[in-house]
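Below is one structure, written out as structure tokens; comments come after it.
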Amino acid sequence: MIADNTSIIIKTMQDKEYLHNLKIQPEDIIKAVKIAQKEFDELQDIVNTFNNNKESLKDLCKTLKGHNEFFNAIYPEYNYFDLNYKSILVTIIQPIDENKNEKAIQLFKDEVYIYPDNISPVNTDEIFILNFNENIDLEEIIQKFHNEIEEELEE
């Protein structure tokens, strides 16, 4: 079963050893998600500008210093490159239609890698991969996290 964003975030916030190794607190995980959402929105604005100016995916890749690029897709595949942007890693895609036309450049929202660069002094791998197609209700996550802590204390 694929976990949803809420359970992924809460599980990370509950992992005391992991948080200790990163030298952070559970609240820092929420901060990391907020920062990642802001950075994702910034990147979306950049992509929108490239689309509006009818600039190419290759130009975007070069401008943003993307990597792992593939620009020879045929329908139903898409051209893409990966991009480390501040504390996130995303794939930027450009679908190809049946007539071999390049469609609008998009951010691939299914897998957004979030790194703890902004919350931890420890250099490490991503803290988790979230699906930005799903709503991420941080207030609900904070509430569930605190409810589970209270339940643990009562036991």
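The values are calculated or read from the model by the stated rules, or taken from the named source; none is laboratory data. Please read all numbers here as calculations on a predicted model, not as lab measurements. Note that we place each Cβ from the backbone using ideal geometry, even for glycine, and neighbour counts take in every protein chain shown. With ligands, DNA and RNA removed, areas are computed over all heavy atoms of the protein, side chains included. Shrake-Rupley method; radii C 1.70, N 1.55, O 1.52, S 1.80 Å.
So which GluC sites (Glu not before Pro) in the range 7-75 are both in a DSSP loop and have at most 16 other Cβ atoms within 10 Å of their Cβ?
E55
Would you compute, from DSSP H runs of 4+ residues alone, the mean residue ellipticity of the chain at 222 nm, taking -39500 (n - 2.57) per run and dividing by the full residue count, rounded to the nearest 500?
Working: 5 runs with 69 residues, N = 155.
The per-residue figure over the chain is -14500 deg cm²/dmol.
Which of the DSSP-defined H helices in the chain satisfy a minimum axial length of 18 Å, computed from C-alpha atoms, and a minimum mean Kyte-Doolittle hydropathy of -1.0? Kindly include the intermediate steps, with their values, before the conclusion.
On the way: long enough: 26-52 (40 Å, -0.49); 138-154 (24 Å, -0.86).
Counting only whole DSSP H runs, the qualifying helices are 26-52, 138-154.
Share of the chain's accessible area from carbon and sulfur, percent, 1.4 Å?
Working: 4440 of 9710 Å².
Summing carbon and sulfur atoms, their accessible area is 46 percent of the total for the chain.
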